[in-house]
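Report on the structure given below.
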Amino acid sequence: MIMITEKAAEELKKLLTSDAELKEPVLRLKVVPGGCSGYSYAMAFEEGTRADDAVAEVQGVKVAIDPGSEPHLKGLHLDFKDGLTDGGFKIENP
């Protein structure tokens with residue numbers, strides 16, 4: 001399905017624990033139509049999953065992907081980089 005590096009998982013878990021409002025948190029990854037290349041990526045924490053989601057636990061993070069996004073996200077690699085100029089979550093997709 002997807003790969004999440006250890007560093008990205010650590011950062012995601014920190015964010016999850018800071019959001020105490022979610023009882024069953026899940027990281028939703030999806031592809032959104034539009035933009036110069038035709039698609040862009042979106043990720044957010046949500047409460048629970050939907051019946052038609054592809055769901056997996058990767059590095060201790062529960063991930064949900066909707067059926068329309070799943071073919072576009074196969075092989076996705078999510079990483080986190082520290083730094084002032086190029087820090088944050090980085091998505092690489094073959």
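The values are calculated or read from the model by the stated rules, or taken from the named source; none is laboratory data. Note that this is a predicted model, so its numbers are computed, not measured. Methodologically, a virtual Cβ is constructed for each residue, glycine included, from the backbone with ideal geometry; neighbour enumeration extends over all protein chains shown. Note: areas computed on protein heavy atoms with side chains; ligands, DNA, RNA excluded. Shrake-Rupley method; radii C 1.70, N 1.55, O 1.52, S 1.80 Å.
Here are some notes:
- Scope the range 55-74; condition open to solvent by less than 20 Å² (accessible area, probe 1.4 Å) and in contact with a helix residue (DSSP H, G or I) (Cβ under 7 Å, 6 or more places away or on another chain); matching residues: 61, 65
- Within the range 46-59, the set of residues being part of a loop (DSSP other than H, G, I, E, B), modelled with pLDDT of 95 or more and among the small types (Gly, Ala, Ser) comprises 51 only.
- Residue in the range 70-90 that is in a strand (DSSP E or B) and of a type in the set (Asp, Glu) present: yes
- Among the residues of the range 16-34, those that are surrounded by 13 or more Cβ atoms within 10 Å (Cβ to Cβ) and either charged (D, E, K, R) or part of a helix (DSSP H, G or I) (or both) comprise 16, 28, 30.
- Residues in the range 39-90 that are of a type in the set (Val, Ile, Thr) and more than 13 Å from the chain's Cα centre (by Cα): 49, 85.
- Number of the exception - residue 43 against (1) in a strand (DSSP E or B); (2) farther than 17 Å from residue 93 by Cα; (3) hydrophobic (A, V, I, L, M, F, W, C); (4) open to solvent by 60 Å² or more (accessible area, probe 1.4 Å): (2)
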